[in-house]
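See below for the structure under consideration.
A short reminder: the numbers here are calculations on the coordinates, not readings from a lab. Note that the coordinates shown come from a computational prediction; the quantities given were computed from them, not determined experimentally. Positions of Cβ are backbone-derived with ideal geometry, glycine not excepted, and every protein chain shown enters the neighbour counts.
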Amino acid sequence: MSSLYISCDMEGTAGVSSWKQVDPDDRHEYPIFRRLMTLEVRAAIDGAREGGARRVLVNDSHWSMRNLLFDELPDDDDLRVVSGAPKPWSMMQGLESRFDGAFFTGYHAKAGDTATLSHTYSEDVYRVSVNSTVCSEALLNAALAGSYGVPVLLITGDRTIVDESMRAMPWAVGVPVKDAIGFSAIESLTPHAARDAIRVGAREAMGRIGQARPFSFGPPPLELTIETAGVEHADFIELMPGFARIGARAVRFAADAYPALFEAFLAATRIAAAADTPA
Ligand SMILES: [Zn+2]
């Protein structure tokens, strides 16, 4: 029986087209869509169990990270749920080398893509690269899992992120649940159809454990480049030891190991947020 890690985001849920639907402060649409998110996660767990997974850890990875409705999830001792924020490793909290594989559900396109709600961790990030690769959240997170020997087996979300992720990780199963028409417009599967596809994909993904590979950007040294949305964000990030200012809206960080780079990126997004509060 296999052990599985799931990082679940929300923007890539079938039917989601607007920030309002994924904003916990929204009282009208968010309650509907957090339930649809939860049911997609449940479909992934059900499919994984059919494919041989037993112990599953789900990390709620969106916004306040308190989106999942606990009582809509499978009710057994082999499922653990990580909830709340901030968490040291954010979207990858709880990842350990003991897992046989990882699922990314509800994922979305990276900052700058012509796609729905495209961003990378923060609206303060215009573009983030590791070495020469422009990164999505999926790729940044996959590399953390990869550095612990854990391969990504499944990615669900919008077609842009699914296609891009599968080019980097061709061993994974991809389940696109919607296509982008614009930043806030989609053509989507219905929730039931999306859940059916996710469940089938999850079952198939568990069969990929033998051939799946941990993702890596390559051997060190690794170089993180963050292009920020504003000059003020770079002003804050450059204060952190290890970061060099390389442009009005750009900072760079060098690392000998990927987990240090990942942590530097998370710290940068958190300190950059301080610039959004006027002095
Ligand atoms: Zn999110």
Exercise for review: Give, rounded to the nearest 20 debye, the magnitude of the charge dipole that the range 222-276 has about its Cα centre when Lys and Arg contribute +1 at Cβ and Asp and Glu contribute -1 at Cβ.
Suggested key: 40
Point to revise | Mean Cβ neighbour count within 10 Å, used as a protection proxy, ranking 209-222, 140-153 highest first | key: 140-153, 209-222
Review point. Along the three principal axes, how long is the range 222-276 when you take its alpha carbons, biggest first, rounded to the nearest angstrom?
Key: 29, 19, 17
Review point. Taking every pair of alpha-carbon atoms in the range 115-194, what share in percent sits in each 10 Å bin, from 0 to the bin with the longest distance?
Key: 17, 45, 32, 6
Check your understanding: Leaving out same-chain residues fewer than 8 places away, which lysines sit with a Cα under 20 Å from that of K20?
Key -> K110, K178
Review point. What is the local net charge at D235, summed over the other residues whose Cβ is closer than 13 Å to its Cβ (Lys, Arg +1; Asp, Glu -1)?
Key: -2
Practice item. Work out the charge dipole of the chain with +1 on the Cβ of Lys and Arg and -1 on the Cβ of Asp and Glu about the Cα centre, then indicate which of H192, I45, L73 is farthest towards its positive end. Key: I45
Check your understanding: So if R0 is 25 Å, what FRET efficiency would E263 and S129 give, r being the distance between their Cβ atoms, rounded to the nearest 0.05?
Key -> 0.90
Exercise for review: May I ask for the net charge around R127, where only other residues with Cβ less than 15 Å from the Cβ of R127 are counted and Lys, Arg are +1 while Asp, Glu are -1?
Suggested key: -4
Check your understanding: Could you state the principal axis extents of the C-alpha atoms in the chain, from the largest down, to the nearest angstrom?
Key -> 50, 43, 32
Practice item. Would you mind pulling out the separation of the Cα centroids of the range 70-133 and the range 212-268, in Å? Key: 18
Point to revise | Computed lengthening from I181 to A279, 0.36 nm per intervening residue step minus Cα-Cα distance | key: 31.5 nm
